[in-house]
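K.L.:
After the structure tokens below, expect a handful of questions from me.
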Amino acid sequence: MPSAAIAGQWYTVAAALIALFGVLIALIVNGVRAERQRKRDLHARALAAITAYGEMPYRIRRRPHCAEHRARLSDELSLTKAEVDTCQVLLAADGDERLSDAFDALYAVARRIVGKEAHEAWKSPVIESDEQMNQGELYRRLSEFTSQRDAFADHLRVATLPAPRRLSRWIRLHWAWTAKLPRVRTPMSAEQRQIVAPQDLARNPSGQDGALGKS
């Protein structure tokens, strides 16, 4: 067989192997991206569920007088708790123990604080006027839950980052001198991201809440 024909066969085999290798790489990359998106969707679902649970004391206080609305709100509370329970199981099954433990700690605080406030809200008088919509004291009583939720959100921010970006974030967070390098920004801490409620900024000398409140 002429050497040119043999060389042509090898070129054909090499091209096929390169194409196969490219297909395998594409499948791996797409699989990694799909898995990362699946995790992000689950994380967003868990954060939305626990946030909705934390809003329940406010919604109960603002409930209309109508019995139909009370029943609907009670059903929503039950569905929200069921969704939080479901997310807790899914996070545990997902294999990220650190993230699962953070959600367990958050849910424990939510049951202790938010659950108590929701129970008391059902016994509180229904809000009758716009002025009563300001619920600054309730916001402050829920501050531990809010802080715990922010801590969980911090876990979510890095849970699905690619390894190089996670390492870069860790270096910038723990080595302060890197902030002096050009085009390098130090990640904000949870304390720096903490939003101060308007009612904590607008308390008058008598200790009553200011004009602004929890929206």
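None of the figures in this text is laboratory data; all of them are computed from the coordinates on show. Because the structure is predicted, anything quoted here is derived from the model rather than measured. FYI the Cβ positions are ideal-geometry reconstructions off the backbone, even for glycines, and counts take in every protein chain you see.
K.L.:
Could you line up Lys116, Lys39 from fewest to most neighbouring Cβ atoms inside 10 Å?
P.N.:
Lys116, Lys39
K.L.:
Hey, for a label at Glu35 modelled as a point 7 Å past Cα toward Cβ, could you say which residues of segment 79-107 have their backbone N under 20 Å away?
P.N.:
Under cut-off, by backbone N: 90-101.
K.L.:
A further question follows. Gln135's amide H: which non-local residues (gap 5+, or another chain) put their own amide H closer than 5 Å, with H modeled 1.01 Å from N in plane and none for Pro or chain starts?
P.N.:
For Gln135, the qualifying residues are Lys214.
K.L.:
On to the next question. Within a 10 angstrom radius of the beta carbon, how do Ile18, Ile127, Ile113, Ile50 rank from fewest other beta carbons to most?
P.N.:
Ile18, Ile127, Ile113, Ile50
K.L.:
Continuing with this model, one more query. Report, by chain and number, residues whose modeled amide H sits under 5 Å from the one on Ile127, excluding near sequence neighbours (fewer than 5 apart, same chain).
P.N.:
When sequence neighbours closer than 5 places are left aside, the close amide H contacts are Arg63.
K.L.:
Is there a quick way to get the dipole size of segment 7-160? I mean about its Cα centre, with the Cβ of Lys and Arg at +1 and of Asp and Glu at -1; what is the value in debye to the nearest 20?
P.N.:
So the magnitude is around 120 debye.
K.L.:
Also, I was wondering about something else. Can you give me the relative contact order of segment 7-160 as a percent, contacts being Cα pairs under 8 Å and 6 or more apart?
P.N.:
32 percent
K.L.:
Okay, moving on. Could you give the length gained by full extension between Phe21 and Arg45, i.e. 0.36 nm per residue of separation minus their alpha carbon distance, to one decimal place?
P.N.:
5.0 nm
K.L.:
Using the basic label-point model (7 angstrom from Cα toward the beta carbon), what is the Val89 to Val13 distance in nanometres?
P.N.:
Using points 7 Å along Cα→Cβ, the separation is 5.4 nm.
K.L.:
Still on this model: When N is the residue count of segment 7-160, what does its C-alpha Rg come to as a fraction of 2.2 N^0.38 Å?
P.N.:
1.60
K.L.:
What's the exposure ranking of Cys66, Cys87, going from fewest to most Cβ atoms within 10 Å?
P.N.:
So the ranking, lowest neighbour count to highest, is Cys66, Cys87.
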